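K.L.:
Let me give you the structure first, and then I'll get to my questions.
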Amino acid sequence: MIDPKLLRQSAADVAKGLARRGFKFDADTYLALEDKRKSLQVEAESLRSERNTSSKSIGMAKARGEDIEPLLKAVNDLGERLENADARLKELQSQLLDIELGLPNLLHADVPDGVDEADNAEVRRWGTPAEFSFKALDHVDLGGASGLLDFDGAAKLSGSRFAVMHGPLARLQRALIQFMLDVHTSEHGYRETYVPYIVQADALYGTGQLPKFEADLFKTQDDPPFYLIPTAEVSLTNLVRDSIVEAKDMPVRLVAHTPCFRSEAGSYGRDTRGMIRQHQFEKVELVHLVPGSDSFAALELLTSHAEAILQKLELPYRVVKLCAGDTGFAATTTYDIEVWLPGQSAYREISSCSNCTDFQARRMQARWRNPETGKPELLHTLNGSGVAAGRALIAVMENYQQADGSIRIPQALLPYMGGLTEIAVNN
RNA sequence: GGAGAGAUGGCUGAGUGGUCGAAAGCGCUCCCCUGCUAAGGGAGUAAGGGUUAAAAGCCCUUCGAGGGUUCGAAUCCCUCUCUCUCCGCCA
């Protein structure tokens, strides 16, 4: 959520900033509502103040044994007026909140202009895509060669956009997850955290998936409903909802492995081949909770932690800064890390690292106590994949493939594979 | 799933219709005093919001959540959630 004070004072500037995303914020309508809110709130509060004063004097009169009838008469219609003002205020505030919850975060000034991923700005590259002496296969064909990747079986169970994996391929994904958790906890200082995969609506309001993106989520039929998390960011970040973190506990750095569930509504026809885009996938997620002054440095650090995984796996990648139109709802700046996929001859997203500044914190009332002032301040939240395990598996398969369709195990994963050094064909 | 108990400020814990944002203790902060010392004295110490350019001040809200009764609710009524104990069931 954007600071309502900023909206009131600089609605036109906010509208201009959001226009970079292609988002239309009707500042005039907002300000008109806000104007009404102000006068109504002043009215309601002064009525309430009047009532409090009267009630107090009734109490005192009664204590002195005086006749309170005339006093009661004097406040006769107060209750009704107050009720009326309250109801109108409540209605107005909920209208304003609806608008505010629908506004995306303001972009950082350095975010490049642009409408979609074609306009993203490459920041750096690491590694060189390998030259193959044979025609590189994609992970679907490699999975077919080993017989360990089964889309038919998955379709039988769950329909499209699911995968079944067997044997060493399933183990390879598990190895990737263990490896990533180990690196982040032992080398990068994260606290390993196990979280629920099913959350209530409040958590999703906190991180910004709701109310706007409900269609992207899987929802249960309970009343009230539960939602399957689309990312561990939801569970991890909301841990500080409605709390004040002490300075000695900052910064907070959390890592969790969870499955992620996305309905992928609206992406029909995109990445239908293979397991690039699934309804269910595994991901290791990194979350930072930091003082506001530190969040941009933290974004660089977090991104470097995700990159370290790909470097240890010796997977070539590039880092791009997302353009205005491609940056997510809650983020002020996002780096995507794109791993090289020989089967597609393309860099594809494997991690997305975002600084959400105080946007999520304001929705969550997540604060920290600044020792300089002794006062609570909104903290800044960051999240990034460190990295997406399903896509990392694809990247390993395609980058480590050999002429016969077998797949070598990356050096870094050998300790996790129980002596296995390659995944052969025809398992 | 069944039975019972509970939810109050950073913590412990009083408060059962009126001047209670809330006693007391602990903790914490500041000040004072003190050289028989793991002592004494004093003051302060919640969060959110409105008004304001901002601050001060003033005002509003908050005693698990949401409704209700009342001039007035931490206190009474209803619904819900969570925690604890016991039983059952289960991983």
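Here, each number is a calculation from the coordinates, and none is a lab measurement. Everything numeric here is computed off the predicted structure, so don't read it as measured data. Backbone-built Cβ (ideal geometry, glycine too); neighbour counts: all protein chains shown.
K.L.:
Please determine, in degrees from 0 to 90 and to the nearest 10, the orientation of helix A:295-312 with respect to the longest principal axis defined by the Cα atoms of chain A, where the helix direction is its Cα long axis.
P.N.:
Long axis of A:295-312 versus the principal axis of chain A: about 20 degrees.
K.L.:
A:Ile198 versus A:Thr53, label points 7 Å from Cα toward the beta carbon: distance in nm?
P.N.:
My value for the distance between the label points is 5.4 nm.
K.L.:
Sticking with this structure for a sec: Please arrange A:Cys323, A:Cys356 by how many other C-beta atoms lie within 10 Å of their C-beta, fewest to most.
P.N.:
A:Cys323, A:Cys356
K.L.:
Still on this model: Given A:Pro291, A:Ala247, A:Gly325, which one lies farthest toward the positive end of the charge dipole of the range A:180-326, if we put +1 on the Cβ of every Lys and Arg and -1 on the Cβ of every Asp and Glu?
P.N.:
Of the listed residues, the answer is A:Gly325.
K.L.:
Taking H placed 1.01 Å from N in the peptide plane, check which residues at least 5 places from A:Leu341 or on another chain put their amide H under 5 Å from its amide H.
P.N.:
For A:Leu341, whose amide H was placed from the backbone, the distant partners under 5 Å are A:Ala346, A:Tyr347, A:Arg348.
K.L.:
Once you have the Cα-Cα distance between A:Asp98 and A:Ala155, take 0.36 nm times their residue separation minus that, and quote the gain in nm to one decimal.
P.N.:
16.6 nm
K.L.:
Apply 1/(1 + (r/R0)^6) to the Cβ-Cβ distance of A:Lys312 and A:Asp223, taking R0 = 41 Å, and write down the FRET efficiency to the nearest 0.05. Spell out each step's value before the answer.
P.N.:
Working: r = 46 Å, r/R0 = 1.13.
Calculated transfer efficiency: 0.30.
K.L.:
While we're on this one: Any chance you could give the angle, 0 to 90 degrees and rounded to 10, that helix A:78-102 forms with the longest Cα principal axis of chain A?
P.N.:
It works out to around 20 degrees.
K.L.:
Can you work out the Karplus-derived ³J(HN,Hα) for every residue in the range A:105-113? Use 6.51 cos²θ - 1.76 cosθ + 1.60 with θ = phi - 60°, whole Hz, and x for glycine or proline.
P.N.:
Per-residue couplings from phi come out as 5, 6, 7, 5, 4, 7, 5, x, 5 Hz.
K.L.:
Once both axes come from the Cα atoms, what is the angle between helix A:389-399 and the longest principal axis of chain A, in degrees from 0 to 90, rounded to 10?
P.N.:
Its long axis makes an angle of about 30 degrees.
K.L.:
What whole-number distance in Å separates the alpha-carbon centres of the range A:303-375 and the range A:1-46?
P.N.:
Comparing the Cα centres of the range A:303-375 and the range A:1-46, I get a distance of 29 Å.
K.L.:
Another question, then. Please report the orientation-averaged projected area of the range A:24-121, defined via the convex hull of its C-alpha atoms, in nm².
P.N.:
Answer in nm², one decimal: 9.5.
K.L.:
Taking chain A as a Gaussian network, where each spring joins two C-alpha atoms under 10 Å apart, which residue of A:Asp98, A:Asp77, A:Asp294 fluctuates the most?
P.N.:
Greatest mean-square fluctuation among the candidates belongs to A:Asp77.
K.L.:
How big is the Kirkwood radius of the range A:110-163, worked out from every pair of different alpha carbons and given in Å to one decimal?
P.N.:
Taking every pair of different Cα atoms in the range A:110-163, averaging 1/r and inverting gives 15.3 Å.
K.L.:
Now a separate question. Based on the Kirkwood radius over alpha-carbon pairs, what is the Stokes-Einstein translational diffusion coefficient of the range A:186-289 at 10 °C with 1.306 mPa s viscosity, in µm²/s?
P.N.:
106
K.L.:
Then there is this: Rounded to the nearest 20 Debye, what is the dipole magnitude of the range A:53-115 about its Cα centre when Lys and Arg each give +1 and Asp and Glu each give -1 at the C-beta? Walk me through the intermediate numbers first.
P.N.:
Values: 7 positive and 12 negative charges, 99 e Å.
In debye, rounded to 20, the range A:53-115 gives about 480.
K.L.:
Taking a ≥ b ≥ c as the square roots of the eigenvalues of the Cα gyration tensor of the range A:282-328, is the shape rounded (a/c under 1.5), prolate (a/b larger than b/c) or oblate? Don't skip to the answer; put the middle values down first.
P.N.:
Working: a/c = 1.88, a/b = 1.30, b/c = 1.44.
It comes out oblate by the Cα gyration axes.
K.L.:
Using modelled backbone amide H atoms (1.01 Å from N, in-plane), which distant-in-sequence or interchain residues come within less than 5 Å of A:Ser351's amide H?
P.N.:
Counting only residues 5 or more places away or on other chains, the set is A:Ile337.
K.L.:
Can you put A:Ser55, A:Ser186 in order, fewest other beta carbons within 10 Å first?
P.N.:
Arranged by neighbour count, lowest to highest, A:Ser55, A:Ser186 become A:Ser186, A:Ser55.
K.L.:
Kirkwood hydrodynamic radius, the range A:338-427, all distinct C-alpha pairs: what's the number in Å?
P.N.:
16.6
K.L.:
In a Gaussian network model over chain A where Cα atoms closer than 10 Å are linked, find which of A:Ile198, A:Ile409, A:Ile68 has the largest mean-square fluctuation.
P.N.:
A:Ile68
K.L.:
Report, in debye and to the nearest 20, how large the dipole of chain A comes out about its Cα centre when Lys and Arg carry +1 and Asp and Glu carry -1 on their Cβ.
P.N.:
Computed about the Cα centre, the dipole is about 380 debye.
K.L.:
As a footprinting exposure proxy, order A:Thr220, A:Thr231 by other Cβ within 10 Å, with the fewest listed first.
P.N.:
Values: A:Thr220 11, A:Thr231 22.
By the 10 Å Cβ count, ascending: A:Thr220, A:Thr231.
K.L.:
Considering chain A as a Gaussian network with a 10 Å cut-off on Cα pairs, which listed residue, A:Leu286, A:Leu82, A:Leu239, attains the greatest mean-square fluctuation?
P.N.:
Among A:Leu286, A:Leu82, A:Leu239, the largest GNM mean-square fluctuation belongs to A:Leu82.
K.L.:
So what are the ³J(HN,Hα) numbers for the range A:344-354, from phi and the Karplus equation (6.51, -1.76, 1.60; θ = phi - 60°), rounded to whole Hz, Gly and Pro as x?
P.N.:
So the J values, rounded to whole Hz, are 10, 6, 7, 7, 10, 4, 10, 7, 9, 10, 10.
K.L.:
Let me spell out the model: positive unit charges on the Cβ of Lys and Arg, negative unit charges on the Cβ of Asp and Glu, origin at the Cα centre of the range A:346-427. What dipole size does that give, in debye rounded to 20?
P.N.:
Around 460 debye, computed over the range A:346-427.
K.L.:
Computed over the Cα atoms of the range A:10-52, what is the ratio Rg over Rh, Rh following Kirkwood?
P.N.:
Radius of gyration over Kirkwood radius for the range A:10-52 works out to 1.29.
K.L.:
Give the long-range amide H neighbours of A:Gly386: residues separated by 5 or more places, or on another chain, with amide H under 5 Å away, using H modelled in the peptide plane at 1.01 Å from N.
P.N.:
Here A:Val284, A:Glu285, A:Leu286 satisfy the definition.
K.L.:
Label-point separation (nm) for A:Phe134 and A:Asp35, each offset 7 Å from Cα along Cα-to-Cβ?
P.N.:
7.4
K.L.:
When the helix-only estimate is applied to chain A (DSSP H runs of n ≥ 4, each -39,500 (n - 2.57), divided by the residue count), what is the mean residue ellipticity at 222 nm, nearest 500 deg cm²/dmol?
P.N.:
That calculation yields -12500 deg cm²/dmol at 222 nm.
K.L.:
Extending each Cα 7 Å along its Cβ direction at A:Glu246 and A:Lys212, get the distance between those two points in nm, one decimal.
P.N.:
Between A:Glu246 and A:Lys212, the label points sit 3.7 nm apart.
K.L.:
Just to compare against my own numbers: the Cα pair-distance distribution for chain A, 10 Å bins, whole % per bin, please.
P.N.:
Binned Cα distances yield the sequence 4, 18, 26, 22, 13, 8, 5, 3, 1, 0, 0.
K.L.:
Once phi is turned into ³J(HN,Hα) by the Karplus curve 6.51 cos²θ - 1.76 cosθ + 1.60 with θ = phi - 60°, what whole-Hz value does each residue of the range A:361-377 show in order, with x for glycine and proline?
P.N.:
4, 5, 5, 8, 6, 9, 10, 9, 9, 6, x, 5, 10, x, 9, x, 10
K.L.:
Sticking with this structure for a sec: So what are the three principal axis dimensions of the range A:135-208 from its Cα atoms, in whole Å, longest to shortest?
P.N.:
Sorted largest first, the three principal extents are 42, 34, 23 Å.
K.L.:
What Kirkwood radius, in Å to one decimal, follows from the Cα pairs of the range A:251-338?
P.N.:
15.3
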